[in-house]
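Notes follow the structure.
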């Protein structure tokens with residue numbers, strides 16, 4: 001099943017989407033904030049309440065919630081949805097620069113002096129990293145001139161390569177300096193039992209190993225490296241059985257190199273319950289059980305599949321995981337290995353790409369920035385797959401809605 005595609009013309013550097021607002025960083029250093037639902041409404045007009053349009057672009061978990069319900073098990077309804085998806089995927093959906101301006105909430109200077117190395121949005125706050133460090137600024141404010149507050153705050157002055165937010169914590173990859181965590185003001189997971197060295201105000205060192213890319217694997221961090229082996233910084237929860245996770249303590253266990261997980265070398269990355277390693281035309285997939293991490297790890301990691309395909313070749317540049325599958329950037333292509341075993345290749349140089357696995361509205365989105373446009377892909381096959389059986393992609397479980405989710 002082909003994904004739906006929406007093209008937005010422009011000279012972009014980065015993008016984010018959060019709570020009905022699309023954030024676009026332009027190459028001239030400015031940031032544009034746009035009303036996403038209004039953009040979709042303008043394209044589809046009287047179809048905006050259609051179940052497919054809603055789930056494809058506006059509320060990505062809508063059909064996930066129906067996954068185990070009779071409606072999606074009804075072959076007639078399922079076939080109708082698949083037919084409509086196929087029809088919609090053939091359409092040329094284009095937003096010109098001129099049309100985009102109609103939905104502009106604000107256009108302003110970047111809160112940092114330079115184009116960002118990476119960005120993240122969490123709890124109505126935009127986090128931006130440049131060579132000068134980590135900066136934060138409030139967003140999604142009502143009745144204000146700018147979509148991003150001009151009153152930014154410098155949180156740390158260490159040059160960083162990648163950031164990822166979860167559990168009131170910013171995981172940070174700092175290259176040769178290692179991996180770190182910044183604990184936000186509302187952190188409540190038993191800081192005294194964390195087991196890490198505090199190196200700056202609310203900043204804790206996780207590891208001194210080279211760190212290029214950071215992702216969350218439940219309470220743990222998975223760190224990828226472009227010059228060395230990746231590793232899992234394994235954390236766990238205490239034995240407090242409270243259903244309120246914020247009353248439990250999170251504690252560090254140990255560093256587990258990827259060679260210990262896969263028994264070989266390659267580029268590795270992880271997110272939630274799966275860890276991956278890519279080599280030339282092959283990807284290994286391992287299931288990770290956080291509660292079973294011990295000194296020997298025999299039960300914590302189990303090989304799910306060694307996937308080989310001659311259509312995926314080249315040096316791995318970067319990789320990530322979404323619900324709909326795995327995204328690998330090679331030196332000659334961007335490849336999506338879908339959860340339904342399909343492979344989709346994009347053969348064009350990429351400026352940047354993003355997925356949103358911690359979102360509750362845009363988890364089916366893949367945003368790909370090219371030299372002259374942003375292409376937004378909506379993947380819709382994963383709704384019809386038995387989640388516990390899939391190898392590629394994160395297993396969907398209904399998420400608890402709170403102010404930190406987008």
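The values are calculated or read from the model by the stated rules, or taken from the named source; none is laboratory data. What you see is a predicted model, and the numbers here were worked out from it, not measured in a lab. Quick reminder, even Gly has a Cβ in these numbers, built from the backbone with ideal geometry, and neighbours come from all protein chains shown.
Which of the strands (runs of 3 or more DSSP E) contained wholly in segment 290-406 include at least 2 residues that are modelled with pLDDT of 90 or more and farther than 20 Å from residue 162 by Cα?
Working: elements: 301-308, 316-322, 325-330, 334-338, 343-346, 352-355, 365-369, 373-378.
Qualifying strands (runs of 3 or more DSSP E): 301-308, 334-338, 343-346, 373-378.
Condition check ((1) surrounded by 23 or more Cβ atoms within 10 Å (Cβ to Cβ); (2) over 16 Å from the mean Cα position of the chain (by Cα); (3) within 23 Å of residue 280 (Cβ to Cβ)) across all residues:
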site	(1), (2), (3)
320	no, no, yes
341	no, yes, yes
345	no, yes, yes
350	no, yes, yes
356	no, no, no
364	yes, no, no
Taking the criterion of being out of contact with any helix residue (DSSP H, G or I) (no Cβ under 6 Å at 6 or more places or on another chain), modelled with pLDDT of 85 or more and surrounded by fewer than 17 Cβ atoms within 10 Å (Cβ to Cβ), would at least one residue in segment 236-252 satisfy it? no
Does any residue of segment 48-65 turn out to be modelled with pLDDT of 80 or more, touching a strand residue (DSSP E or B) at 6+ places or on another chain (Cβ under 8 Å) and either assigned to a loop (DSSP other than H, G, I, E, B) or closer than 27 Å to residue 137 by Cβ (or both)? yes
Criterion violated by residue 170 - all others in (1) crowded, with 21+ Cβ neighbours inside 10 Å; (2) in a strand (DSSP E or B); (3) at pLDDT below 95 satisfied: (3)
Residue 371: touching a helix residue (DSSP H, G or I) at 6+ places or on another chain (Cβ under 8 Å) and surrounded by fewer than 16 Cβ atoms within 10 Å (Cβ to Cβ), yes or no? no
For segment 130-154, give me the residue count where each residue is more than 18 Å from residue 30 (Cβ to Cβ), assigned to a strand (DSSP E or B) and free of Cβ contacts under 8 Å to residues at least 40 places away in the same chain. 5
I'd like to check something: does segment 109-117 contain any residue that is outside any loop (DSSP other than H, G, I, E, B), at pLDDT below 95 and over 18 Å from residue 163 (Cβ atoms)? yes
Restricting attention to segment 88-103, report how many residues are outside any loop (DSSP other than H, G, I, E, B) and at pLDDT below 80. 2
When restricted to 182, 232, 221, the only residue closer than 24 Å to residue 315 by Cβ and either over 25 Å from the mean Cα position of the chain (by Cα) or modelled with pLDDT of 90 or more (or both) is 232
